[in-house]
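Below: the structure, in structure tokens.
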Amino acid sequence: MFLRGLLATLLLSSSALAQEVPEAKAAAERALFKQIVEIPTVEGRGNMPKLTRLLTAEFRKAGITNVVVKDHDKTQTLIARWPAANPSGRKPILLMAHMDVVEANPADWKYDPFTFRAEDGWYLGRGASDNKAALTGIVLALQGLKKSGFAPTRDIIILFTGDEETAAMGARRASTEWRALVDAEYALNGDAGGGAVYRDGRVEGFSMQIAEKTYADFTFAATNRGGHSSAPRPDNAIYALAGAIKAVEAHRFAPMINDATRVAYERIAAADSGAYGELVRKWLKDPADRETADLLEANDPGYTRTRCVATMLSGGHAPNALPQKAEANVNCRIFPGVKIETIRTELQALAGPDVAVTLADSSPESGPSPLRDDVVDAYKAAVATRFKDAPIIPMMSAGATDGSYFRNVGIPVYGVGGLWGIVGEKQGAHGLDERVLIEGFHGQVPIWEELLRRLAG
Ligand SMILES: [Zn+2]
């Protein structure tokens, strides 16, 4: 096993790069990526202008001169437009990625997170996988298309936000107040999607994110007139809250299915002849079957329904006083298309009259984007230039990206990408020693180019 793994590693690192990407091109791609990774675009460090200056210069160099940098909310957002050379009348395509990265503590990392390095077939550095590889890939693909003389038949708009990991004001404002600058038929989001390849070269598939669960925090609050603890009464804020929380624990929301989860489960049903596959087949026959959905949730939580869980708790003000207040936070991941208010009402009914359930925080409600043949076919064909017959797998994310703001205002968003990773090998997004496969990084560029040739040609 070890030998075979080693051999596969050697094959991956030597053959593909040397053969398929000319050395000078790979060196230039890597040099740009290094520059981008080494700008620590962490919230609060004030480095975003360095990156937007660099990217603006890269776009100008390629002949994309319509570049707007918005200063807002202590960060920046870059919007660029490559106008159609031969306008077909179709609405623009929006390309999305984000420029900011999650904080990284050098003491916890093997190497300095903001010093770019290559090692064992990986490029390392904070942001290498989330989201600077795809960001760089999009820039390189646009430069490549320009250089090749590609003449788009519709505008290609680029939106690079500067606070996706935090307040997401860039996406919020772009989808509303700057809508005229970014309005598009649909968006391709480089922050979701991409391929999974086995060490032995087999391809699992390339995913396409078409839906995201809605994030919502609800405050459960019980209030009471309090009193002396030597004289207990049946009404008690802590007991009331505890009862409400236990009701949430026992509750199961109605199971649901959409295009993304159906395809994912159908793939399991076809591939797994064991007990789990049996369960999946049973559920696909009747997605309203709560018991079977429960069993699936135990294996892979979050994909058959809305899920809510208690995450924080506080209450009381003195050891010898009846509590005047008890509060909990219940975090929900709402199935795409379900209204936040519907879930709040359901939680309020569970909590009973002595506990008030209010919305504390949420991402925008966003339904699934409809699967479009043109986008799926173009993505499949673009991936096939490198991985013949690789399946395209629609996907629902449990977390929220910038895409949710656009789905919320009616612009479909497809999370796609030419990058790939190795099945079972961590890339460290948001975590330690973040990295991206060297072969995947360079390999994404022709895939993005082909995708755009097909969708904007
Ligand atoms: Zn991201």
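The values are calculated or read from the model by the stated rules, or taken from the named source; none is laboratory data. In this text the structure is predicted, and so the values were computed from the model without any measurement. Cβ: placed from backbone, ideal geometry, glycine included. Neighbour counts: every protein chain shown.
Hey, does segment 95-111 have a residue that's in the same structural domain as G162 (by TED's automatic domain parsing), assigned to a loop (DSSP other than H, G, I, E, B), more than 14 Å from the ligand (Cβ to nearest atom) and free of Cβ contacts under 8 Å to residues at least 40 places away in the same chain? Yes; the residues of segment 95-111 include at least one that is in the same structural domain as G162 (by TED's automatic domain parsing), assigned to a loop (DSSP other than H, G, I, E, B), more than 14 Å from the ligand (Cβ to nearest atom) and free of Cβ contacts under 8 Å to residues at least 40 places away in the same chain.
Spot the failing condition for S148; the list is (1) of a type outside the set (A, V, I, L, M); (2) more than 19 Å from Y186 (Cβ to Cβ); (3) crowded, with 24+ Cβ neighbours inside 10 Å, and only one is missed. The number of the failed condition is (3).
Listed by position, the strands (runs of 3 or more DSSP E) inside segment 132-209 whose residues that are within 15 Å of the ligand (Cβ to nearest atom) number at least 2 are 156-161, 186-189.
Does at least one position in segment 84-92 carry a residue that is within 22 Å of the chain's Cα centre (by Cα) and either more than 16 Å from the ligand (Cβ to nearest atom) or assigned by TED's automatic domain parsing to the domain that holds K426 (or both)?
The first filter runs over segment 84-92 and keeps only residues within 22 Å of the chain's Cα centre (by Cα), leaving none.
No, there is no match, as no residue in segment 84-92 is within 22 Å of the chain's Cα centre (by Cα) and either more than 16 Å from the ligand (Cβ to nearest atom) or assigned by TED's automatic domain parsing to the domain that holds K426 (or both).
Every condition in (1) in contact with a Pro (Cβ under 9 Å, 6 or more places away or on another chain); (2) surrounded by 15 or more Cβ atoms within 10 Å (Cβ to Cβ); (3) closer than 30 Å to A328 by Cβ holds for F406 except the one numbered (3).
Pairing each residue of segment 138-166 that is charged (D, E, K, R) with any residue that is within 14 Å of the ligand (Cβ to nearest atom) and in a strand (DSSP E or B), provided the two are 6+ apart or on different chains, yields C-beta distances under 6 Å for E164/H98.
Only one of G127, G144 is under 29 Å from I393 (Cβ atoms) and either basic (K, R) or under 21 Å from the mean Cα position of the chain (by Cα) (or both). Can you tell me which?
On the way: G144 fails: either basic (K, R) or under 21 Å from the mean Cα position of the chain (by Cα) (or both).
Residue meeting the stated conditions: G127.
Sort out which residues of segment 282-309 are among the hydrophobic types (A, V, I, L, M, F, W, C) and buried (at least 16 other Cβ atoms within 10 Å of the Cβ), and write them in order of number.
Narrowing segment 282-309 to residues among the hydrophobic types (A, V, I, L, M, F, W, C): 283-284, 288, 293, 295-296, 298, 308-309.
Correct list: W283, L284, A293, L295, L296, C308.
Taken over segment 44-98, the criterion of being of a type in the set (S, T, Y) and under 21 Å from D130 (Cα atoms) is satisfied by T52, T56, T75, T77. Looking at L284, L322, L347, just one residue is touching a Pro at 6+ places or on another chain (Cβ under 8 Å) and on the phi < 0 side of the Ramachandran plot, and that residue is L322. Filtering segment 288-304 to residues that are over 26 Å from the mean Cα position of the chain (by Cα) and of a type in the set (V, I, T) leaves only T292.
Among the residues of segment 121-128, is there at least one that is within 17 Å of G440 (Cα to Cα) and part of a helix (DSSP H, G or I)? Yes, because at least one residue in segment 121-128 is within 17 Å of G440 (Cα to Cα) and part of a helix (DSSP H, G or I). Identify, please: which residue in segment 432-457 is part of a loop (DSSP other than H, G, I, E, B) and under 21 Å from the mean Cα position of the chain (by Cα) and is, among those, nearest to R81 (Cα to Cα)? Applying the filter and picking the extreme gives E434.
Given the criterion closer than 23 Å to L181 by Cα and within 14 Å of the ligand (Cβ to nearest atom), identify the matching residue among G415, G410, G431.
Numbers: G410 fails: within 14 Å of the ligand (Cβ to nearest atom); G431 fails: closer than 23 Å to L181 by Cα.
It is G415.
With respect to the conditions (1) of a type outside the set (D, E); (2) crowded, with 19+ Cβ neighbours inside 10 Å; (3) assigned to a loop (DSSP other than H, G, I, E, B), A80 falls short on a single one, namely (3). Candidates are the residues of segment 116-131 that are more than 16 Å from the ligand (Cβ to nearest atom) and aliphatic (A, V, I, L, M); the one that is nearest to S362 (Cα to Cα) is L124.
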